[in-house]
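Asks: I have a structure I would like to understand better, so I am pasting it below and will then ask my questions one at a time.
The values are calculated or read from the model by the stated rules, or taken from the named source; none is laboratory data. Since the structure is predicted, the reported quantities are computational estimates derived from the model, not experimental observations. As a convention, Cβ positions derive from the backbone with ideal geometry for all residues, glycine included, and neighbour counts pool all protein chains shown.
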Amino acid sequence: MAQPQPHARQSSVLARAGWLAYVFLIVYASLYPFSGWQDMGVPLQAYLFAGMPRYWTGFDVVTNILGYIPLGVLTVYALYPHGRRGGAICAALVFGVLLSGAMEATQTLLPNRVASNLDLATNSAGALLGAVLGSVSSRLVMERSRLRLLRQRWFLPEASRGLLVFTLWPLAQIYPQSYLFGNGQALPVLSDWLSSWFDVPIDVASWLSNGLDPSAQQYRLVEMAVTACGMSSALIALSCMLRDKAPRLFLLAAFLAAGLAVKILATALFFTPSRAFVWLTPGARGGLLLGAAMLAGAISLPVRAQRRIAVTLLIIELVFVNIAPANPYFVATLETWVQGRFLNFNGAAQCLALLWPVLALWFLLHSIHRRRRHERP
């Protein structure tokens with residue numbers, strides 16, 4: 001009988017799911033804020049022959065290139081092992097050109113966006129560069145990567161989808177939010193959409209909260225609850241995917257540290273370095289301590305119980321963060337935020353902050369359902 005190959009070429013569910021998620025983010029970022037659609041009377045392909053744009057900066061060029069490099073890398077990884085080397089590079093380049101071209105053409109219908117052949121060229125260059133990097137690194141990453149070995153040693157076999165979801169959690173903290181780890185605040189966005197659709201002010205959150213006007217102490221309690229539930233639900237869900245011999249405390253601490261580090265850097269970038277810790281309010285500090293206590297009490301429980309606790313905490317966080325009235329201190333902080341320069345980036349960051357709890361709930365509920373199905377006689 002033939003012996004199995006020591007480094008079998010296998011496709012990666014994680015790479016393909018990551019590719020799909022990144023394509024979605026590019027579409028969201030390119031068409032954000034999805035309002036004001038109108039026919040300008042200009043052909044969609046007119047930007048291709050319009051000459052170089054009059055106003056552009058080196059920052060724009062670098063941003064466009066960097067934004068499409070991960071797309072090229074992930075496209076090559078997603079094609080592996082069926083497409084490798086030259087074929088994968090060509091496929092990634094063609095897809096990058098088509099995606100960027102479609103996004104630029106669609107931007108012709110948005111009055112606050114400008115379709116540009118320079119953007120198409122720089123995006124395509126980023127996709128090509130990413131494809132080359134992906135091709136060069138595919139064998140190391142997909143076959144002999146130490147990260148792959150650690151993944152097999154520390155994480156359960158069914159954790160592939162979960163790893164994709166929960167590696168996005170630190171990035172979901174980029175967009176400024178009312179409360180620390182308060183992802184999924186969808187009602188303000190829904191209110192804006194409804195208001196623009198019906199041309200009247202609509203505040204869904206205020207309607208659900210029935211006009212509540214909490215005191216400063218109540219705001220602090222809400223902030224503690226949102227922070228604690230958001231933090232502990234993510235960490236408990238990650239704990240469900242770990243093997244017994246994995247360095248559990250180290251991985252959970254590193255995961256939390258990554259989320260906090262992203263929050264610090266993003267706040268410093270969006271506002272000023274002096275305000276990098278503006279989110280670390282007394283309520284947030286209390287929430288971090290409460291979340292750590294909740295985590296300590298849950299990680300020793302059976303995996304089945306951990307999944308259910310994570311689902312419950314995530315739902316509680318979603319309810320609180322959506323029905324709680326806007327925090328006046330946070331609203332005052334947002335007044336110093338100038339969004340114009342990072343419009344594409346802001347759109348992608350907001351999309352990730354909104355969707356991450358939904359993805360996490362999907363993974364946890366799917367895991368619970370699959371476990372029940374396997375346990376049936």
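Asks: Would you point out which residue out of Ser116, Ser160, Ser137 is touching a Pro at 6+ places or on another chain (Cβ under 6 Å) and of a type in the set (Gly, Ala, Ser)?
Replies: On inspection, the qualifying residue turns out to be Ser116.
Yes/no matrix, rows are residues, columns are (1) assigned by TED's automatic domain parsing to the domain that holds Leu128; (2) in a helix (DSSP H, G or I); (3) within 23 Å of the chain's Cα centre (by Cα):
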| residue | (1), (2), (3) |
| --- | --- |
| Gly41 | yes, no, no |
| Thr75 | yes, yes, yes |
| Ile89 | yes, yes, no |
| Asn112 | yes, no, no |
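Asks: Something else now. Tally time: how many residues in the stretch 238-282 are of a type in the set (S, T, N, Q), at pLDDT below 85 and not in a helix (DSSP H, G or I)? Break it down stepwise before answering.
Replies: Looking only at the stretch 238-282, we keep the residues that are of a type in the set (S, T, N, Q), and these are 239, 267, 272, 274, 281.
Those left that are additionally at pLDDT below 85: 267, 272, 274.
Subsequent filtering for residues that are not in a helix (DSSP H, G or I) retains 272.
Result for the stretch 238-282: 1.
Asks: Among Tyr77, Tyr68, which is under 19 Å from Ala29 (Cβ atoms) and not acidic (Asp, Glu)?
Replies: Sole residue among the options that is under 19 Å from Ala29 (Cβ atoms) and not acidic (Asp, Glu): Tyr68.
Asks: Residues of the stretch 164-187 being in a helix (DSSP H, G or I), closer than 22 Å to Ala266 by Cβ and touching a residue at least 40 places away in the same chain (Cβ under 8 Å), which ones?
Replies: Answer for the stretch 164-187, where residues must be in a helix (DSSP H, G or I), closer than 22 Å to Ala266 by Cβ and touching a residue at least 40 places away in the same chain (Cβ under 8 Å): Leu164, Val165, Phe166, Leu171, Ala172, Gln173.
Asks: For the stretch 160-216, which residues satisfy the criterion of being at pLDDT 70 or above and of a type in the set (Phe, Trp, Tyr)?
Replies: Phe166, Trp169, Tyr175, Tyr179, Phe181, listed by residue number.
Asks: Do you know which residues across the stretch 25-43 are touching a residue at least 60 places away in the same chain (Cβ under 8 Å), closer than 25 Å to Ile69 by Cα and hydrophobic (A, V, I, L, M, F, W, C)?
Replies: Within the stretch 25-43, Leu25, Ile26, Val27, Ala29, Leu31 qualify.
Asks: Can you work out which of the residues in the stretch 1-55 that are of a type in the set (Ser, Thr, Tyr) and at pLDDT 80 or above is nearest to Val76 (Cα to Cα)?
Replies: Looking at the filtered set, the residue picked out is Tyr22.
Asks: If I filter the stretch 310-319 down to residues being buried (at least 22 other Cβ atoms within 10 Å of the Cβ) and touching a Ser or Thr at 6+ places or on another chain (Cβ under 9 Å), which single residue comes out as nearest to Leu364 (Cα to Cα)?
Replies: So, considering only residues that are buried (at least 22 other Cβ atoms within 10 Å of the Cβ) and touching a Ser or Thr at 6+ places or on another chain (Cβ under 9 Å), the one nearest to Leu364 (Cα to Cα) is Ala310.
Asks: Which condition number in (1) over 24 Å from the mean Cα position of the chain (by Cα); (2) assigned to a helix (DSSP H, G or I); (3) surrounded by 22 or more Cβ atoms within 10 Å (Cβ to Cβ) is the one that Arg153 fails?
Replies: Here Arg153 clears every test but (3).
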